[in-house]
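A quick write-up on the structure given underneath.
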Amino acid sequence: MSFPLLTATAALPALGAIATAAVPAARRTAAKWLALLVSVATLALAAIQLVRFEPGGDRYQLTESHAWIKDFGVRYELGVDGIGVALIGLTALLIPFIIAAGWHDADPLETNSSRWRPTQGFFALILAVEAMVVLSFEATDVFLFYILFEAMLIPMYFLIGGFGDRAHAQGDEAAATQRSYAAVKFLLYNLVGGLIMLAAVIGLYVVAGSFSLSEIAAARASGSLHMATNTERLLFLGFFFAFAVKAPLWPLHTWLPNAMGEATAPVAVLITAVVDKVGTFAMLRFCLQLFPEASKWATPVIVVLAVISIIYGALLAVGQRDIKRLVAYASISHFGFIIMGIFAMTSQGQSGATLYMINHGISTAALMLVAGFLISRRGSRLISDYGGVQKVAPVLAGTFLIGGLATLSLPGLAPFVSEFLVLVGTFSRYPVAGVIATLGIVLAALYVLVLYQRTMTGPVKAEVQGMPDLKVRELLVVAPLIALLIFLGVYPKPLTDIVNPAVRQTMSDVQKKDPNPVVEAAK
Amino acid sequence: MNPVNYLYLAALLFTIGAAGVLIRRNAIVVFMCVELMLNACNLAFVCFSRLHGNLDGQVIAFFTMVVAAAEVVVGLAIIVSLFRSRHSASVDDASLMKL
Amino acid sequence: MDNLIALLIAAPLLGAAVLLCGGRRLDGIGHWLGTLLAGASFVLGAVLFVDMLDRSAGHRTVTKHLFSWVPVEGFQADVGFQLDQLSMTFVLLITGVGTLIHIYSIGYMEHDENRRRFFGYLNLFLAAMLLLVLADNYLLLYVGWEGVGLASYLLIGFWQHKPSAATAAKKAFLVNRVGDMGLSIAIMVMFTTFGSFTFPAVLGGADGASSGRNTAIGLMLLLAACGKSAQVPLQSWLGDAMEGPTPVSALIHAATMVTAGVYLITRSGAVFNAVPDVQTVVVIVGGVTLLFGAIVGCAKDDIKKALAGSTMSQIGYMILATGLGPIGYAFAIMHLVTHGFFKAGLFLGAGSVMHGMNDEVDMRKYGGLRKYMPVTFVTFGLGYLAIIGFPGLSGFFSKDKIIEAAFAKGGTEGWILGAVTLLGAAITAYYMTRVMILTFFGEERWKHAKTPSPDQPSVEPAAETHGAHDEPHPHESPKSMTIPMIVLAFGSVFAGGIFGIGDRFVKWLEPITSFSHGDSPVGQWTVTAATIVCLLVGVGLAIAQYGRGPVPVVAPRGSLLTRAARRDLLQDDFNHVVLVRGGEHLTRSLVYLDHSLVDGVVNGTAASVGGLSGRLRKLQNGFARSYAVSMFGGAVVIIAATLLMRAV
């Protein structure tokens, strides 16, 4: 038996989490370095996955399969396709940056010298989330996926509720209240989604007699498993609801601004750039593959909801007064794009959506982490508390601008490629949706530039005076992300090569063909 | 005499017992009413045994007596300790069983 | 040879990267490096030009495929370049004028502590603009298109500490984004129609596509052009864009970037030719903007804003010419090039004046400057003569041709267009003469006027570093600034003649734009005569109004039209009321709704569940007897149910 690479990629951060948590209270710095080391090692494993993965080969590669709960036919079954391996790469890539950016976020306050070890816990929880997210990208057993999908809520709950943003206008008391509100809201929303999904998972087992994705898909393809139309639709809705909450899709989105606003910036990145991607990823892998007919049936409604998300999220972002909530609403808008791309059922749309997941992760990380650095300097999240930062801290302003430009999908930066693919892919099947969604690019420019104008330009405010520019650690966090944004914007081919075959297979799952160009069709 | 009449009697006794449980406040009386209901049941069982011509009902009646005896033991113990702590045998005084 | 094309873009791009990432340690040499790379780009362009001239007219197009950019199932976007006569014209204009303005900026920005960053942005602009004109497909063009938008945003907002500059930059980017949306949709329609968006596929296939689709593509491209080229209804950003340093106004907002819309329409000629209705729309847009810009230009007292109105108006001419189809494309581009020379020259002259006048921009506080700034006066004057179409100078050749072509459109339409263009020529002569008189002639009004005081910051704070707020001492600018002005003045004088005589320029572009002569109802000389008459009328009016008496330092209230024109014909007020206010109300109410409705539904559900359980809790009163009642009640219900089931 070959080396279980997939298990190792998930097990390493899991073990790392335990080890980090076990570091003695006094050795805080050691715990940080340990966590960083583990995350970098995980990145190395993810890189090996990317290298070993053959784009033209089998659908699921590097597979592992062991019996787990025999009575229910639950198996520990892992495998990655192009989409999965790319997202694992993204996750493993972002975690070291998240850890480095949050280096001081969980340092105990001087006033509070309890024996509790918040620092160790913070980094251990981040690693735990990484382990579960990675494993959920690898799981090809529905039950295994479900467990991970739910289990990752636990560390996330503590990360949101336990380690809030210290920059709070209304004082510590109010901060704690709002934080716990945000954490509970996050948990409840996702639990409700998960509960409905659990019913659907059980229903799927009753209908299909198996939890294995490949078995069910094969049985469906060969015709030996026939689902009644209504059954399929109900099961699809059960799965989709959970993923839509996680993604989040309008109108199930309201937990995200609270969670991202109250959490520290690195945790906010963890939520939107990493954990939420499980939702959109699962739509591609489970919804489309298990329930192709129902997916097609639901497509028009979902595309409409996605378009609403795009416009609505962007409009709300324009109206925000809190930097982090603004980024959260921008993310809602972007998730609208991703979901629209997935359900446009065209190759361009789905490739675009997959690239979008990755590019959005990187661009939001860049913007949000710089925003976090900014907030930590001034101790406020309100946009109106800033002004003229560019004059005082030009590098910070410059990186912030690039992050913002990536968010508004400026051509030449990575998100443009994916956004345009999604738009083209949608337009060729749903022209109206495509055109309305294009309005989103104007609104994106509006909220990004207004944010930049209000915080960075104009006369230097008194409180901003003397604000230090980015430190070396912070620059090391941001610079690689920006470099990556530019590289993937100019040369996304390595990524598309990996993603394309997987998209082709998904397209054949749902038995959809791209619409032909009009002129060619006429010939 | 028609055995069905005993059933009517059992029903009557049961109703008296039930009403007593619901209406009276004194724990001892409530307790005795519970006993009355149990015995009404016993009467019914014996009567059924006679009607069907087998011994099942009588067997169950014995079980009931055992249960009733056990209940007396536990119940009286509770009432006594309740009386000690609250100096009252009223069931309404003990209303701690709520959220 | 074709590798040079990539190098052409790479040079300024490298400059931008080095200058922007290099940090303060490059402050000393940054401007030289930037200028050097711009110059290198121009030299490369010249080499390519010579190479192109060596080949016969039909074989001049060079293509270079660099790498596959976005390869996705059924969707193929490449990074590839196409250098033909049209792109070549732009390359030489961009790199040539660009290099001159780099040189000018060395002097102009000398006292700005961020000069290195300024040159970085300028280089970035050059790279993006070259990418725009060299791309061989629309998606790559789009990259350049937004790239110049970004550079323009950065440069307009270069003095970010001024709120007005930051706002103007944001406005420019946003309005441009609306146009970009058009380009984006156009590319999507192209993709669904032709399965590709390379120039050969789209332009070659345009004839085969349905007119509905061509109309969609054409209108969306026009929207894009309106945004970038400041045409009605997306023109509002250009006046505000004058907040940027003057070299930026000269390069980006006069000579090159704003003409990108003309390039786009000319490049997509095949699509527009296929749908005459869209061409009519293009002509209307051009015609309306032509007059709009000219009227605005008449009322502005800010020298740069007056020139901005003029730019808008001149680009209106070009857009109008492109809307005429094959009879107009070549003239549009020709006017674009000559306009590039004289308008850049005028802006540089304006910058020179401001440089010498403590950055005062109000022309009413100038006057009689010809004695103090002879070089500026002469170069500005030549640019002035060129723009009003003085016979023999550049503008005469190019504008006259457009007016001819407008008449040649034929029918009533031709007469209307001809009249509009002639009227435009007259107004141009009027407002440019006004600028000329107010600035260089008349009494020296600045001697008594207060110059910008610290509490009323001037528009151009570069000179605030001079620290001078007393009475200005007009002086000639340094050599680094005057030399580019002189070179551009040469261009303003001779370019038209070189291009126009013997139809050289038309023949040069013919393989790309397929020239055709229209049948003009009026003779060529009649048109020329009419143009000259209009010119004289305009100049005469201006002299009558401003040249004969003292000019008030504070602008008189003016007629209704003047007041409206000062406010950009109320376009901004309209935008403010409809878009800004409306948008604010919309977002505010949405924020409220998101909290109260969307979130409220969820919170409401939670609250009602909570309330229900609160009610249910009351049943648990702790009285043993009430529990007994519910037990009995339950038992009765169960028995009743059982009996009922039996009975049924």
| query | Which residue pairs have Cβ atoms under 8 Å apart, sit 6 or more places apart or on different chains, and have a first residue in region A:94-118 that is at pLDDT below 75 and polar (S, T, N, Q) and a second that is part of a loop (DSSP other than H, G, I, E, B) and open to solvent by 30 Å² or more (accessible area, probe 1.4 Å)? | reply | A:Ser114/A:Pro108
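So that you can scan it fast, the table gives a plain yes or no per residue for (1) at pLDDT 90 or above; (2) more than 8 Å from chain C (Cβ to nearest Cβ); (3) assigned to a helix (DSSP H, G or I):
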position: A:Leu475; (1), (2), (3): no, yes, yes
position: A:Ala479; (1), (2), (3): yes, yes, yes
position: A:Ile482; (1), (2), (3): yes, yes, yes
position: A:Ile486; (1), (2), (3): yes, yes, yes
position: A:Pro494; (1), (2), (3): no, yes, yes
position: A:Ile498; (1), (2), (3): no, yes, yes
position: A:Val503; (1), (2), (3): no, no, yes
position: A:Asn516; (1), (2), (3): no, no, no
| query | Looking at region C:52-68, which of its residues are assigned to a helix (DSSP H, G or I), surrounded by fewer than 16 Cβ atoms within 10 Å (Cβ to Cβ) and either in contact with an Asp or Glu (Cβ under 9 Å, 6 or more places away or on another chain) or among the charged types (D, E, K, R) (or both)? | reply | C:Asp54, C:Ala57
| task | Mind listing whichever residues of region C:223-257 are open to solvent by 10 Å² or more (accessible area, probe 1.4 Å) and within 23 Å of C:Leu324 (Cβ to Cβ)? | result | C:Leu223, C:Val232, C:Pro233, C:Leu234
| request: Of the numbered conditions (1) within 30 Å of C:Asn214 (Cβ to Cβ); (2) within 11 Å of chain C (Cβ to nearest Cβ); (3) in contact (Cβ under 8 Å) with a residue 40 or more places away in the chain, A:Ala433 fails exactly one; give the number of that condition. | output: (2)
| Of all the residues that make up region C:180-206, how many are over 24 Å from the mean Cα position of the chain (by Cα), among the β-branched types (Val, Ile, Thr) and at the interface with chain A (Cβ under 7 Å from one of its Cβ atoms)? | 2
| From the residues in region C:207-225 that are touching a residue at least 60 places away in the same chain (Cβ under 8 Å) and under 19 Å from C:Val133 (Cβ atoms), which one is nearest to the other protein chains (Cβ to nearest Cβ)? | C:Ala224
| message | Only one of C:Gln76, C:Gln82 is under 30 Å from A:Pro494 (Cβ atoms) and away from chain A (no Cβ under 14 Å). Can you tell me which? | response | C:Gln82
| Quick check: anything in region A:240-255 in a helix (DSSP H, G or I), open to solvent by 10 Å² or more (accessible area, probe 1.4 Å) and more than 17 Å from A:Arg179 (Cα to Cα)? | yes
| task | Tally the residues that are within 8 Å of another protein chain (Cβ to nearest Cβ) and either in contact with a strand residue (DSSP E or B) (Cβ under 6 Å, 6 or more places away or on another chain) or closer than 21 Å to C:Met190 by Cβ (or both), restricting the search to region A:386-409. | result | 0
| said: So in region A:440-463, with the set limited to residues that are over 18 Å from A:Tyr386 (Cα atoms) and more than 7 Å from chain C (Cβ to nearest Cβ), which one is most open to solvent (accessible area, probe 1.4 Å)? | reply: A:Leu443
| message | Looking at (1) under 22 Å from the mean Cα position of the chain (by Cα); (2) more than 7 Å from every other protein chain (Cβ to nearest Cβ); (3) among the hydrophobic types (A, V, I, L, M, F, W, C), which one does A:Val417 not meet, given that it meets all the others? | response | (2)
| request: Filter region C:160-179 for residues that are more than 8 Å from chain A (Cβ to nearest Cβ) and either open to solvent by 10 Å² or more (accessible area, probe 1.4 Å) or closer than 17 Å to C:Leu13 by Cβ (or both) and give the result. | output: C:Ser164, C:Lys171, C:Val175
| request: May I ask you to verify whether C:Val533 is of a type in the set (Val, Ile, Thr) and touching a Lys or Arg at 6+ places or on another chain (Cβ under 6 Å)? | output: no
| query | How many of the residues making up region B:16-73 are open to solvent by 90 Å² or more (accessible area, probe 1.4 Å) and in contact with a strand residue (DSSP E or B) (Cβ under 8 Å, 6 or more places away or on another chain)? | reply | 1
| query | Picking from A:Thr354, A:Thr346, which residue would you name as being over 26 Å from C:Glu584 (Cβ atoms), within 14 Å of the chain's Cα centre (by Cα) and within 11 Å of chain C (Cβ to nearest Cβ)? | reply | A:Thr354
| Applying the selection to region A:193-252, what residues are polar (S, T, N, Q) and within 28 Å of the chain's Cα centre (by Cα)? | A:Ser212, A:Ser214
| field | Filter result (under 21 Å from the mean Cα position of the chain (by Cα) and either hydrophobic (A, V, I, L, M, F, W, C) or surrounded by fewer than 16 Cβ atoms within 10 Å (Cβ to Cβ) (or both)) within region A:42-62 | value | A:Leu43, A:Ala44, A:Leu45, A:Ala46, A:Ala47, A:Leu50
| Selection status of C:Gly23, in contact (Cβ under 8 Å) with a residue 24 or more places away in the chain, surrounded by fewer than 24 Cβ atoms within 10 Å (Cβ to Cβ) and not aromatic (Phe, Trp, Tyr) | no
| request: Look at region A:452-478 and say how many of its residues are aliphatic (A, V, I, L, M) and without any contact (Cβ under 8 Å) to a residue 24 or more places away in the chain. | output: 2
| note | Of those in region C:576-600 that are small (Gly, Ala, Ser) and within 19 Å of A:Leu256 (Cα to Cα), the residue nearest to the other protein chains (Cβ to nearest Cβ) is C:Gly600
| remark: Residue pairs within 9 Å by beta carbon, gap of at least six or interchain, first lying in region C:601-625 and facing another protein chain (nearest Cβ under 7 Å), second of a type in the set (Lys, Arg) and surrounded by 11 or more Cβ atoms within 10 Å (Cβ to Cβ), listed first then second, are C:Val602/A:Lys185; C:Arg617/B:Lys98; C:Gln620/B:Lys98; C:Asn621/B:Lys98; C:Gly622/B:Lys98; C:Phe623/B:Lys98; C:Arg625/B:Arg24; C:Arg625/B:Arg25
| request: Could you please find all residues in region A:156-170 being open to solvent by less than 10 Å² (accessible area, probe 1.4 Å) and modelled with pLDDT of 90 or more? | output: A:Met156
| A:Val245 being modelled with pLDDT of 90 or more, closer than 29 Å to A:Phe400 by Cβ and of a type in the set (A, V, I, L, M) | no
| message | Looking at region A:63-78 only, could you name the residues that are open to solvent by 40 Å² or more (accessible area, probe 1.4 Å), of a type in the set (A, V, I, L, M) and under 19 Å from A:Leu5 (Cα atoms)? | response | A:Ala67
| What number of residues within region A:271-319 satisfy the criterion of being within 14 Å of another protein chain (Cβ to nearest Cβ) and open to solvent by less than 20 Å² (accessible area, probe 1.4 Å)? | 6
| message | For region C:1-16, which positions are open to solvent by 50 Å² or more (accessible area, probe 1.4 Å) and either in contact with an Asp or Glu (Cβ under 9 Å, 6 or more places away or on another chain) or not charged (D, E, K, R) (or both)? | response | C:Met1, C:Asn3, C:Leu7, C:Leu13, C:Leu14
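The values are calculated or read from the model by the stated rules, or taken from the named source; none is laboratory data. In this text the structure is predicted, and so the values were computed from the model without any measurement. In this analysis, Cβ positions are derived from the backbone assuming ideal geometry, glycine residues included, and neighbour counts consider all displayed protein chains. The area values use the complete protein model at the heavy-atom level, side chains included, leaving out ligands, DNA and RNA. Shrake-Rupley method; radii C 1.70, N 1.55, O 1.52, S 1.80 Å.
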